[in-house]
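The values are calculated or read from the model by the stated rules, or taken from the named source; none is laboratory data. What you see is a predicted model, and the numbers here were worked out from it, not measured in a lab. Don't worry about glycine lacking a Cβ; one is built from the backbone with ideal geometry, like all the others, and counts go over all protein chains shown.
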Amino acid sequence: MIPYSRQKISEKDITAIVDVLKSDYLTQGPKTPQFEKIVSEYCGVKYGCAVNSATSGLHIACLALGVGEGDIVWTSPISFVASSNCALYCGATVDFVDIDSSSYNMSAIALEEKLILAKKKGNLPKVVIPVHLSGKSCDMQKIHNLSKEFDFKIIEDASHAIGASYKNQKVGSCSYSDITVFSFHPVKIITTCEGGMCMTNDANIYNLLLRFRSHGITRHAKEMERKPDGRWYYEQLNLGFNYRLNDLQSVLGISQMKKIDSFIKERNKLASNYNNLFKSTKINIPKTDSEIYSSWHLYIIRINKDEGFNRNIIFEKFRNSGIYVNIHYIPIYRQPFYQKMGFKFEDFPESEKYYNEAISIPIFPGLTKDQQEKIVSIIFNPIGFQNLF
Ligand SMILES: *Cc1c(COP(=O)(O)O)cnc(C)c1O
């Protein structure tokens, strides 16, 4: 079986974890601050707050920006449900902005149109969450300009995009956003088994993130409401959570960060191999953009019925051949939980079209050129029953 993505763990990763197991701290020791520093420096951003998943990170990112009841949050429908659930956790309502037909990210044009309408109706979003699908940055310059004009905050869901760049800056630099959130789930670019990190340049936001990550508690005297009773003293100021990343996970993250550039380089090589293999076929391959360096978490092809292909049949052919392709994603508004909120499929024509055509084919460090050739050939091999007639 070839999965669409998987982790790459080395002997060095394993040794690093075993060393932490033998040390004094399994959690809340030195490894998490070290990991945060390494990722922050890598991205060129001031602060990093490690969390036990990107889902937790998105949740406390919303809370740190003051999202609550009565607020509205917009995101892309072509994402994992966590991108919008985070707003619902805070009691806010969610709406979606349709995708761009060539990048499959939130369309900046659709966003502007929707903002103009919302301004007239008086229901502007407090926060917009662009998602860098497959590791390819959204049009952040445009979205950032709109945030100034229409007064909203930005959380980048960069779960796919650690190691990617936009206009020669690393995703995670927060040059165009308030907070950027990474995921370290095993299928993503680097892994801590489960885990994530919130990046920001804003000291106040950073303090709130730290507080929400650990029960809403502060140990800094200057943030407290009362004078400390003694050295044991702490205060709970908000309703927070236990969203901490432990030291075993952080040391794996530190070890994985040593290889991130080689991972991204290999993913870029694999993507360019696929581009060559699909050249002069009718398969729609991902568009590239000179201002964007993708981390290539996913390689998404689109199979258009008008070209004589059937996406669902090709999907079955892959799965029957042991190639664990997938579809990223079922539009969030199609989920029964979201359907109860009254979303209509026809309000998102580009997302609907995408959902009917897309397949993510395998891409991960360690995938071989032979495997890539086999994968591509499966699309064009005649299937059994067609040979009978
Ligand atoms: C994986 C993913 C998440 C959730 O990440 P976890 O670390 O598993 O919580 C959120 N958004 C997107 C776009 C993702 O791909």
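Just one of the numbered conditions (1) without any contact (Cβ under 8 Å) to a residue 40 or more places away in the chain; (2) within 16 Å of the ligand (Cβ to nearest atom) is not true of residue 128: (1). Summed over the range 331-352, residues that are in a helix (DSSP H, G or I), among the aliphatic types (A, V, I, L, M) and over 15 Å from residue 97 (Cα atoms) total 0. Being more than 15 Å from the chain's Cα centre (by Cα), within 19 Å of residue 338 (Cβ to Cβ) and among the charged types (D, E, K, R) holds for only one residue in 100, 95, and it is 95. Of the residues making up the range 33-72, those that are of a type in the set (S, T, N, Q) and within 16 Å of the ligand (Cβ to nearest atom) are 52, 53, 55, 56.
Applying a threshold of 8 Å to beta carbon distances and a minimum spacing of six or more residues, or different chains, the list of pairs starting in the range 48-60 at a residue that is over 13 Å from residue 131 (Cβ atoms) and ending at one that is among the charged types (D, E, K, R) and within 9 Å of the ligand (Cβ to nearest atom) reads 52/194; 53/194. Is it the case that residue 382 is of a type outside the set (Ser, Thr, Tyr), more than 25 Å from the chain's Cα centre (by Cα) and not in a helix (DSSP H, G or I)? Yes, satisfied.
Away from the ligand (no atom under 16 Å from the Cβ), within 30 Å of residue 66 (Cβ to Cβ) and over 23 Å from the mean Cα position of the chain (by Cα), is that true of residue 282? No; evaluated as a whole, the condition is false for this residue.
You will find that of 209, 245, the residue that is within 16 Å of the ligand (Cβ to nearest atom), of a type in the set (A, V, I, L, M) and in a helix (DSSP H, G or I) is 209 and no other. Among the criteria (1) on the phi < 0 side of the Ramachandran plot; (2) crowded, with 18+ Cβ neighbours inside 10 Å; (3) within 16 Å of the ligand (Cβ to nearest atom), the one residue 81 does not fulfil is (2). Close Cβ contacts (under 6 Å, 6 or more residues apart or on different chains) running from residues in the range 262-283 that are farther than 17 Å from residue 369 by Cβ to residues that are among the acidic types (Asp, Glu) comprise 282/307.
A residue that is within 16 Å of the ligand (Cβ to nearest atom) and without any contact (Cβ under 8 Å) to a residue 12 or more places away in the chain occurs nowhere in the range 3-17.
Condition check ((1) under 24 Å from residue 140 (Cα atoms); (2) buried (at least 21 other Cβ atoms within 10 Å of the Cβ)) across all residues:
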residue: 24; (1), (2): no, no
residue: 28; (1), (2): no, no
residue: 42; (1), (2): yes, no
residue: 57; (1), (2): yes, yes
residue: 75; (1), (2): yes, yes
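When the range 284-322 is examined, which residues are found to be farther than 22 Å from residue 6 by Cα, small (Gly, Ala, Ser) and in contact (Cβ under 8 Å) with a residue 24 or more places away in the chain? Within the range 284-322, 308 is the sole residue that qualifies.
Within the range 247-296, the residues that satisfy the criterion of being acidic (Asp, Glu) and either at pLDDT 95 or above or in contact with a strand residue (DSSP E or B) (Cβ under 6 Å, 6 or more places away or on another chain) (or both) are 247, 261, 266, 291.
What residue, among those in the range 166-186 that are surrounded by fewer than 19 Cβ atoms within 10 Å (Cβ to Cβ) and not small (Gly, Ala, Ser), is nearest to the ligand (Cβ to nearest atom)? If we take residues in the range 166-186 being surrounded by fewer than 19 Cβ atoms within 10 Å (Cβ to Cβ) and not small (Gly, Ala, Ser), then 186 is nearest to the ligand (Cβ to nearest atom). Among the residues of the range 113-125, are any in the same structural domain as residue 69 (by TED's automatic domain parsing), within 16 Å of the ligand (Cβ to nearest atom) and farther than 17 Å from residue 78 by Cα? Within the range 113-125, not a single residue is in the same structural domain as residue 69 (by TED's automatic domain parsing), within 16 Å of the ligand (Cβ to nearest atom) and farther than 17 Å from residue 78 by Cα.
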